[in-house]
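Heads up: the structure comes next, in structure tokens.
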Amino acid sequence: MSISVTAPLESAPLAADLPRRLAEVAPRVVVVGDAVLDCWLSGPTRRLSREAPVPVVEVDVTRCAAGGAANTAVNLAALGARVSLVAVVGDDDDGATLRRLLDEAGVDTSALLVAPGRPTAAKRRIVADDAMVARYDTVPADGTVEGFAAVLADALDAGPDATVVCDYAVGGLDDAAVSTVAAHRDRLGVLVVDAHDLARWAPAGPDVVTPNAGEVAVLLGRALDGADRVAAAEAAGGELRTRAGAATVVVTLDRDGALLLPPDLPAHRTWARPAPESRACGAGDSFTAALTLALAAGTPGPTAVELAQAAADVVVGRTGTAVCSTADLSSRVSASGESLSSAAELARLVADHRTAGRRIVFTNGCFDVVHRGHVAYLNQAKRLGDVLVVALNTDEGVARLKGPGRPVNPLADRAAVIGALSCVDHVVSFAEDTPVALLEAVRPDVYAKGGDYTAAMLTESPVVTAYGGRVAILDYLPDRSTTAVVERIRARG
């Protein structure tokens, strides 16, 4: 019997075709929150001002983009969602510009409320020769905007697949908005809240909240202690969920990646592509958009947060307030998983890592149809060091170990899926039944295997201990097997 390798979205791995599949689902998403107009005024500077020791910027280019909640909406539309934005803008030129940008991006603006006499929230950055020298903001006054709660209620009555709240404390969302969202909770689909003050949204019972380190400190009443922010956030997971009233917390830690903290599964960390702060504008919006799209379509949390990290990595490579499209995301995921190193290349790469003082972790397996157990296992392995190397059995090796009909996926496809995970740094293959030859060549600091083994069971253990390495046995996740996944795909096909 032939087997389709296209897994249902609830078990789909992070692969190059996943963004396209999510776009085809085209979930309906309502974004509610603080819409901002982001503008960049740039030009050369050739002298200092006579009035003060500041550069005189000869502005020759002005570029504006949707920011804040509006940027989240634009990113969702670019990723294939059907998006409506519920927000307040002024009846000024900035409001007209923002509405035009949203219309051009395919965002439904029928629920965009124009408030007479109220300025549109805006951020203007002055850039001199590629360096930002100043920023000035237009911030509307706090207070209730007449008619906003009714417009919001109408939008939520439509019963979207997901609702995103973007509350950045620029006066757009008052207590009536919180009450309206809470009153419509059973019609919101997946509720994702991105807010500076998450505690005020606890009555709505969010499915997911996405605080950064500063917002975590506000929620806990203390900063994340210690040098390891990831470990501190993980330790506070239960408290964060309680204080936010949320089922799941995703802590975003910029250069340290993100940390998924669900209530009933191991924490899942992503690793970010390093980038300067000047390139991070809008990265959080792209992260939230991709996360929401994936969750609304039914993908599991670890896959959704990996996809969100990939979207953020796309935009931090660009200037200004950037947008990640389906094509961008597919390209990023594909590029992450396209490299299958040879043994000689891997030895050179590992030598460079060692010179830089990095700790090497090595693991191996067939990884035929990647499932949640694999992802959790690899994530845990990466956290034992700085660099994770995954060695895959060749197709012939899988057939010898697993029998006729396996592998389901050829080596190139398996390498692409494993390599796309942010925790994996290098992928290599081996034709033998054990990776002993690779271990002798690479000499990793840690050799990691799953909890269904013991160190004594592994023929590789004496090799590792002989050169001074450590064998680490990771947690065992029961009822997580490729065979079970294949049987479910058969049943659905």
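Pull up the DSSP beta bridges for the chain and report the antiparallel fraction as a percent, rounded to 5. Around 30 percent of the beta bridges assigned by DSSP in the chain are antiparallel ones. Once the Cα atoms are used to define both axes, helix 69-78 deviates from the longest principal axis of the chain by about 50 degrees. Look at the Cα gyration tensor of the range 195-269: its axes a ≥ b ≥ c give a/c of at least 1.5 with a/b at or below b/c, and that counts as oblate.
The value of relative contact order for the chain, using C-alpha pairs under 8 Å at least six residues apart, is 14 percent. Note on Lys382: lysines with a C-alpha under 29 Å away, same-chain residues under 8 apart excluded, are Lys402, Lys449. Does the range 337-492 come out rounded, prolate or oblate, given a ≥ b ≥ c as the square roots of the eigenvalues of its C-alpha gyration tensor, rounded meaning a/c under 1.5 and, failing that, prolate meaning a/b above b/c? Because a/c hits 1.5 or more and a/b exceeds b/c, the range 337-492 counts as prolate.
Of (1) 1.01; (2) 0.99; (3) 1.06, which one was derived for Rg/Rh (Cα atoms, Kirkwood Rh) from the structure shown? From the options (1) 1.01; (2) 0.99; (3) 1.06, the structure gives (1). Spin-label model, Thr62/Val133: points 7 Å from Cα along the beta carbon direction are separated by 1.8 nm. What is the range 113-270 by shape, rounded, prolate or oblate, if you read a ≥ b ≥ c off the alpha carbon gyration tensor as root eigenvalues and call it rounded for a/c under 1.5, prolate for a/b larger than b/c, and oblate otherwise? The shape class here is oblate.
How charged is the neighbourhood of Leu188? Take every other residue with its Cβ under 13 Å from the Cβ of Leu188, and add Lys/Arg as +1 and Asp/Glu as -1. So the surrounding residues net to -1. Summing charges over neighbours of Ser325, with a neighbour being any other residue whose Cβ is under 13 Å away from its Cβ, gives +2 when K and R count +1 and D and E count -1.
With helices as the sole contributors, the chain gives -10500 deg cm²/dmol at 222 nm; each DSSP H run of n ≥ 4 counts as -39500 (n - 2.57), and the sum is divided by every residue.
Taking a sphere under 12 Å around the Cβ of Ala441 and counting the other residues whose Cβ falls inside, with K and R at +1 and D and E at -1, yields a net charge of 0. Under 5 Å between amide hydrogens, built in the peptide plane, is the criterion, and for Val36 it picks out Gly67, Gly68, Ala69, Ala70, Asn71 among residues at least 5 positions away or on other chains.
A Förster distance of 22 Å, applied to the separation of the beta-carbon atoms of Val436 and Asp475, puts the FRET efficiency at 0.35. Highest mean packing first, where packing is the average number of other Cβ atoms within 10 Å per residue, the peptides 31-43, 365-377 line up as 31-43, 365-377. Amide H to amide H distances under 5 Å link Ala472 with Tyr447, Ala448, Lys449, where only residues 5 or more positions off or on other chains count and H is placed in the peptide plane. Taking label points 7 Å from Cα along the Cα-to-Cβ direction, Met457 and Ala344 give a separation of 3.7 nm. Neighbour counting of Cβ atoms within 10 Å sorts the residues Leu439, Leu191, fewest neighbours leading, into Leu439, Leu191. Database remark: amide H of Asp92 closer than 5 angstrom to the amide H of Thr120 (H placed geometrically; neighbours at sequence offset of 5 or more, or on other chains; Pro and chain starts carry no H).
Every read-out reported here was derived from the displayed coordinates using simple, explicitly stated rules and does not represent laboratory data. Predicted model, so just to flag it, every value in this text is computed and none were measured. Positions of Cβ are backbone-derived with ideal geometry, glycine not excepted, and every protein chain shown enters the neighbour counts.
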